[in-house]
Amino acid sequence: LSQDTDLEIFMTRNPKDPIDAKGYLSKELNATTWQKVFWGRAHWITKARKRYDCDTVVSIHTNAGGGSGVTSFYRNKRAGLRLASYITKEITRYSPLSYRGTKQRRFALLRGAPQGCLVECGFHDNPNDLKVLLDPKGVEQIAQGILKGILLNLS
């Protein structure tokens, strides 16, 4: 992998980011309206994509429900499958989290993205996964896996 690859990265939910979804929308809408109108249709992420001219979206989550490990979801098979597969495999390569696979889903969050995936980085109700998620070294390993997956997708 080339270390000189130039990637511009931004976060949509960082409180210091100018398009933090919660802060951005709370100025215009009450919580009920925000949830119904914007979160359900993911308008705020579409605005973010257009504002920053994004060609790749990676939405990072944790899961719950009695499972363990990392899985990813893509919306558009041509554009998202490769990205999602690389990221999921690289996270499991760099971290102690297990591989749960890559699946196609029609998440609104990924609508309109030239390529994108939603990555569930472990289960916060699983003691072993939670240990990784709470450890700064574990978070760094997950981040390295995401970065390496993106870089592999670009190569």
_Selection from region 126-155 of residues that are touching a strand residue (DSSP E or B) at 6+ places or on another chain (Cβ under 8 Å) and acidic (Asp, Glu)_ = 129
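For every residue, the table says whether it meets (1) of a type in the set (Phe, Trp, Tyr); (2) touching a strand residue (DSSP E or B) at 6+ places or on another chain (Cβ under 6 Å).
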residue	(1), (2)
65	no, no
68	no, yes
75	no, no
86	yes, no
92	no, yes
102	no, yes
108	no, no
112	no, no
_Could you list, ordered by first residue, the pairs with Cβ atoms under 9 Å in which the first is in region 122-149 and under 15 Å from residue 99 (Cβ atoms) and the second is surrounded by fewer than 21 Cβ atoms within 10 Å (Cβ to Cβ) and charged (D, E, K, R), at least 6 apart or interchain?_
141/135; 145/89; 145/93; 148/93; 149/89
_For the list (1) open to solvent by less than 40 Å² (accessible area, probe 1.4 Å); (2) modelled with pLDDT under 75; (3) among the β-branched types (Val, Ile, Thr), I need the number of the one condition that residue 71 fails._
(2)
_As an exercise: evaluate residue 77 against (1) modelled with pLDDT under 90; (2) closer than 22 Å to residue 7 by Cβ; (3) of a type in the set (Lys, Arg) and give the number of the one condition it does not meet._
(2)
*Scope region 110-155; condition in a helix (DSSP H, G or I) and open to solvent by 80 Å² or more (accessible area, probe 1.4 Å); matching residues*: 127, 128, 131, 134, 136, 137, 140, 154
*May I ask you to say which residue of 22, 47 is in a helix (DSSP H, G or I), out of contact with any Leu (no Cβ under 6 Å at 6 or more places or on another chain) and at pLDDT 60 or above?*
47
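The values are calculated or read from the model by the stated rules, or taken from the named source; none is laboratory data. Model, not experiment: these values are computed from the prediction. All Cβ positions, glycine included, derive from the backbone under ideal geometry; neighbour counts span all protein chains shown. Note: areas computed on protein heavy atoms with side chains; ligands, DNA, RNA excluded. Shrake-Rupley method; radii C 1.70, N 1.55, O 1.52, S 1.80 Å.
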